[in-house]
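Structure, as structure tokens:
Throughout, read-outs are computed from the coordinates displayed, never taken from laboratory work. Quick caveat, the model's predicted, so the values are computed rather than measured. Here Cβ is always computed from backbone atoms with ideal geometry, including for glycine, and neighbour counts include all displayed protein chains.
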Amino acid sequence: MCMQKMREISYSEAIREALDQSMKTDSSIFIIGEGVPDAYGVFGTTKGLKEKYGNDRVLDMPLSENALTGMCVGAAMLGSKPVIVHQRLDFGFIALDQIVNNAASWHYTFAGQSKIPVVMRFVIGRGWGNGPQHSQSSQALYAHIPGLKVVMPTTPYDAKGLLIQSIQDNNPVIFIEHRWLHGIKSHVPSEPYTVPIGIPKVVREGNDITIASTSYMTIEAIRAADNLKSIGISAEVIDIRTLKPLDTSQIRESVRKTGRLLVMDTGWRTCGFAGEIVADIAESCFNFMKDAPMRLTLPDIPTPTSYSLTKTYYPDYTDAIMLVAKSLGKQKEAERLISQVKKPTHHDVPDTSFRGPF
Amino acid sequence: MDEAIILELFKKMLLIRKTEEKIVHLYGEQEMRCPVHLCIGQEAAAAGVCQALSKEDIVFSNHRSHGHYLAKGGNLKRMVAEIYGRSTGCSRGRGGSMHIIDKEANFLGSTSIVGGTIPLAVGAAFHIKKNAENRIAVTFFGDGAVEEGVFHESLNFASLHKLPVLFICENNSYAVNTHISLRQPNRKISDLARAHGLNAIECDGNDAISVYKAASLLKEKIGEAPGFLELFTYRLVQHCGTEFDHLICRPAEEFHTWADRDPLKSLKVKLSAVGTTADKIEKDIQNQVDKAFEFAKTSPFPSSEELYMNVYAENERDKL
């Protein structure tokens, strides 16, 4: 039998395809954001949509993040389905009033009489000296707010399926991309499909430890798991995919099997999302734990810019390997492993071919 | 001036006044367990603007919203029940006085963050224009909202896209107890709207007929540019609550000057001049208000199960 070659596209192409296919079938969708209709099209994710759907549905916007978020909320109340795009998650802070005070609570406050189906796309920046205001990772802040859904896909497959699902959802959805994922390629079916919001996904099976991770840190988690095999450690990796709502039963089930937990998140430590997973597992799986749960996150420090400072700032798969090995009493083997596998590479770009835009 | 319109304006304003006077009268019972921001003295603004609107036109409002809601045709019983926190309330007890809604009247909601609903009206207008609907969106806010960034952002975008939206600024000179002279330089608020390219009119906000005429004119010209109406008015009660606190927070002379310009008194004179007696109207409205309070006070509270409902809107898929 001849295996048909599976189509592979990048994460940014998957986002673009999700927007295109959604807009094609639902004329109530419009997309707005700084640079959305321009030649770069927000890292390629909106490229060509203006030509296809026109200026009325694919719009640039003034630098008014708060009012334009409110504008989308108002339009959504009447039946529009807006997608608002921000090239950085940091820009969302300017729109927090409308996101938190209006979008998140409106449906509840007015006893379910109005729906707010707005998708807010944000991109986490990282590396190349993006610094304190262009690389923050504040997903936990959004996940804290009742009424919001928070989605953070890692793979191109999930990016497409979760974006189509988010657009169809009748609630405000914070859709968080990571700049270092846009170039990643994997199999993505060409037809439209959805991935449910709220369900994590096991991406590596294993028995010795459970690693639950968000967004780009899932890439580092997989790297860690693949390397840990060579020192006889079998790690199960679970991509959290959606922060809120989140059914943690798969993570709980995994920890009941492995007895160990490491959570890897792209955000900060204190009150971060990793802490939320640790708390959930501590409450539900306490008697199954063989060791204290662990977190691998950013330190509680604003993002520095210098090449040398960011090197220490961002944890990677080797930090994960060391934490796992320590829990399992294989520190020496892990140190030897890291000295063998760790290649001298630049830590501030996703890969050596990456030339921006950042 | 059309007599029927004067009568309509008077009825709207009297309904607002009588409702709020009843709130003042009963607030001490502590059954209305939420903050109330009354608009006694400002009724002409709400009535005059809403008189110029059709049922289909959309209205958003702020924390001082009873007048806007009632003038737009919002259900009185359900508003009072909401203030009483009952399950028959227009927001089923989730919102209270500051979060009221009547979708049938196209009063789409009032909220309590200053300036918060200004962009919502712009979004509604964006949807209206995109779908070529024959209606407009309106938002009421005070002079304090003009100091918020979102005000300028909203006017900029509305003007850029020539959206069918009418911005109504009720300038009562106070943000809580802080006079406008301590908050804004000596320039006209309406000039800010003109700078953004809007059609702007300043008007005596205590003269319901003038307000109605100005709002009608701006609505007529909405295809040309969004409209902005600055209404000079004065609240005769305290910022929040039911006390008349002018002697503590505001100059007595200022208060009395405005009290003499009570918008209901001046309209009542015009009503008599056209041969209609107000007595019967007053009696009917008082009766209507009394019934609404009776309805509210005897309505059940929402059950504890209701606390958990409507955090998220259901999706079609969820029901399968």
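When every alpha-carbon pair in the protein assembly as shown is counted, what percent end up more than 35 Å apart? Mind showing how you got there, number by number?
Details: 112976 of 229503 pairs.
Every Cα pair in the protein assembly as shown considered, those over 35 Å come to 49 percent.
Given the options B:LEU120, B:LEU38, B:LEU182, which has the most mean-square fluctuation in a GNM of chain B, springs set between C-alpha atoms less than 10 angstrom apart? Of B:LEU120, B:LEU38, B:LEU182, the most mobile in the Gaussian network model is B:LEU182.
Could you tell me which helices of chain B pass both thresholds, a Cα extent of 15 Å or more along their own axis and a mean Kyte-Doolittle hydropathy of at least 1.0, with helices taken as whole DSSP H runs?
In chain B, no H run is both long and hydrophobic enough.
When peptides A:53-63, A:134-144 are ranked by their average number of other Cβ atoms within 10 Å per residue, the highest-first order is A:134-144, A:53-63.
Taking each residue of A:61-67 in turn, how many C-beta atoms of other protein chains fall within 10 Å of its C-beta, and what is the average? Kindly include the intermediate steps, with their values, before the conclusion.
Working: counts 2, 4, 2, 8, 2, 8, 17.
Mean partner-chain Cβ count within 10 Å for A:61-67: 6.
Helix A:156-168 and the long axis of chain A differ in direction by around 40°, with both axes built from C-alpha atoms. Expressed as a rounded percentage, what relative contact order does segment B:1-116 have, with Cα pairs under 8 Å and six or more residues apart? The value is 26 percent.
Highest mobility in the GNM of chain B, judged by mean-square fluctuation with C-alpha springs under 10 Å and restricted to B:ASN199, B:ASN310, B:ASN131, is found for B:ASN310. To the nearest ten degrees, helix A:216-228 and the longest principal axis of the Cα atoms of chain A are 20 degrees apart.
Contact order, relative form, for chain A: 15 percent (alpha carbon pairs under 8 Å, 6 or more residues apart, mean separation divided by residue count). The alpha-carbon of A:LYS47 sits under 18 angstrom from the alpha-carbons of these aspartates and glutamates, leaving out residues fewer than 8 places away in its chain: A:GLU13, A:GLU17, A:ASP20, A:GLU34, A:ASP38, A:ASP56, A:ASP60, A:GLU177.
For peptide B:89-101, compute the average count of partner chain beta-carbon atoms within 10 Å of each residue's beta-carbon. Please report the intermediate quantities before stating the final value.
Working: counts 1, 3, 6, 5, 1, 7, 5, 1, 0, 1, 5, 1, 6.
The per-residue average across the peptide is 3.
Please work out whether segment A:250-358 counts as rounded, prolate or oblate from its C-alpha gyration tensor, where a ≥ b ≥ c are the square roots of the eigenvalues and a/c under 1.5 means rounded, while otherwise a/b larger than b/c means prolate and anything else oblate?
The shape class here is oblate.
Are there any GluC sites (Glu not before Pro) in segment A:142-236 that are in a DSSP loop and have at most 14 other Cβ atoms within 10 Å? List them by number. For GluC sites (Glu not before Pro) across segment A:142-236 that sit outside H, G, I, E and B with at most 14 neighbouring Cβ atoms in 10 Å, the list reads A:GLU205. Helix A:65-77 and the long axis of chain A differ in direction by around 70°, with both axes built from C-alpha atoms. Taking the square roots of 5 times each eigenvalue of the Cα gyration tensor of chain B, largest first, gives ellipsoid semi-axes of 27, 27, 20 Å.
Of the trypsin sites (Lys or Arg not before Pro) in segment A:306-358, the ones in a loop by DSSP (not H, G, I, E or B) with at most 14 other beta carbons within 10 Å are A:LYS342, A:ARG355.
Excluding same-chain neighbours fewer than eight residues apart, the lysines reachable from B:LYS268 by a Cα-Cα span under 30 Å are B:LYS11, B:LYS12, B:LYS18, B:LYS22, B:LYS55, B:LYS72, B:LYS77, B:LYS213, B:LYS219, B:LYS280, B:LYS283, B:LYS291. What separates the Cα centres of segment A:77-102 and segment A:321-358 is a distance of 36 Å. For a modelled paramagnetic label at A:ASP291, 7 Å from Cα along Cα-to-Cβ, the residues of segment A:326-352 in reach, with backbone nitrogen under 13 Å, are A:326-335. Using the structure shown, list the pairs from A:LYS185/A:LYS342; A:LYS24/A:LYS115; A:LYS115/B:LYS129; B:LYS103/B:LYS188 with a Cα-Cα distance above 29 Å, or answer none. From A:LYS185/A:LYS342; A:LYS24/A:LYS115; A:LYS115/B:LYS129; B:LYS103/B:LYS188, over 29 Å: B:LYS103/B:LYS188. Peptide B:150-160 has a mean of 4 when you count, residue by residue, the C-beta atoms of other protein chains within 10 Å of its C-beta.
For an R0 of 41 angstrom, estimate the FRET efficiency from the Cβ-Cβ distance between B:LYS162 and B:GLN288 and round to the nearest 0.05. Could you put the intermediate results ahead of the total?
Numbers: r = 41 Å, r/R0 = 0.99.
The calculated FRET efficiency here is 0.50.
Applying the criteria of a DSSP loop state and at most 16 other Cβ atoms within 10 Å to the trypsin sites (Lys or Arg not before Pro) of segment A:1-47 yields A:LYS5, A:ARG7.
If you average the sequence gap of Cα pairs under 8 Å that are 6 or more apart and divide by the length of segment A:3-189, what percent do you get for the contact order?
Details: 366 pairs, mean separation 51.9, N = 187.
So the answer I get is 28 percent.
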